[in-house]
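Here is the structure we will look at.
Since every read-out is calculated from the coordinates, none of them should be taken as a lab result. Treat the numbers as computed from the prediction; the structure is a model and nothing was measured. Don't worry about glycine lacking a Cβ; one is built from the backbone with ideal geometry, like all the others, and counts go over all protein chains shown.
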């Protein structure tokens, strides 16, 4: 790249004012979604500067950035094409890199360029793991979709800051709220996810096998704490504050797959089967992929948590809708009108100590209303199961 082109690219990177700043929560959420879909311990939205890289979104990486001497994401940026490294230790180009032979012990890497609306390659959207891995075309397509979402969210964040700078009160309010949520997330969520990253390394250490029974509950409760912080940050947003969205032609099949992937570990732990009914082709709606995937995740997670051991949760993708049906305890008629209220927990949830703080369906409902869509829940009553549905205008 020419010096002029590199200067323009760097100016674009710095225009987001994220290098050294708290990470936007929406980008952390996007990386969490990517890790769930790819079943990796690490995912990042990486901005590449002149001398270092910065993680504008981060799940599992125990640092905020680093130099560029051993940066997979810099290679993606320089080459402007996707990069897949199935096993870095077996690759002569990467096997001696510090982040391969040392923490975070990267073995598998998949990344796609992060390109803004002006064509500048800002960095990369990537997933990584400390075990070798493979990736298919469908997954790479989804990672490219997530990279476009990340670039769109970066642009929206910058535009809101520009509007706030010229005095738009609503934009200032949104910007203040995002700064507050980002700061809270940085102070609460980041330390826990860093601990989780190091716990992953302990789990893979054969010498610590005798202590596995002690490590496992720490890891499970760490994951639970991360989810609780996420729910509180998302669920306590002031009702009058608009939910920023990045609308695009979004594939509901991909949304459902991402939502299911985010809950798969919890379902396995509870011995609940999740079955996604096959759907022909793609079903597109104008929506925010990240937010819609969160809504789908909350519906599936709720279904899994309220299902007995050995039960089945069925996910259906319909034109303009995703439907989730469980075989659980059902919801009494007098509680149905309240399921989308913040912090509402029904009698069964309280009596059976079902994990959660009563925000999942409230968050899903808010996401759908922001899309001019709906979230509905129906149940025939006790022990008759529940069907939850999110519907978008097609």
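Annotations
- Under 19 Å from the residue 17 label point (7 Å along Cα→beta-carbon), backbone N, region 94-136: none
- Rounded to 0.05, the FRET efficiency of the residue 223 and residue 384 pair, given R0 = 22 Å and the Cβ-Cβ distance, is 0.10.
- Full extension of the segment from residue 334 to residue 134, taken as 0.36 nm per residue of separation minus the current Cα-Cα distance, would add 67.1 nm.
- Spin-label pair residue 78-residue 10: with each label point 7 Å from Cα along the Cα-Cβ axis, the two points sit 1.6 nm from one another.
- Rounded, prolate or oblate (a/c below 1.5 giving rounded, otherwise prolate when a/b exceeds b/c) for region 302-385 by Cα gyration tensor: oblate
- The residue 309 and residue 91 beta-carbon pair, evaluated with R₀ = 51 Å, returns a calculated FRET efficiency of approximately 0.75.
- A Stokes-Einstein calculation at 10 °C with viscosity 1.306 mPa s, built on the Kirkwood radius of region 248-391 over Cα pairs, returns a diffusion coefficient of 106 µm²/s.
- Projected label points at residue 268 and residue 357, each 7 Å from Cα along the beta carbon direction, are separated by 2.7 nanometres.
- Shape call, region 1-89: gyration tensor on alpha carbons, a/c limit 1.5: oblate
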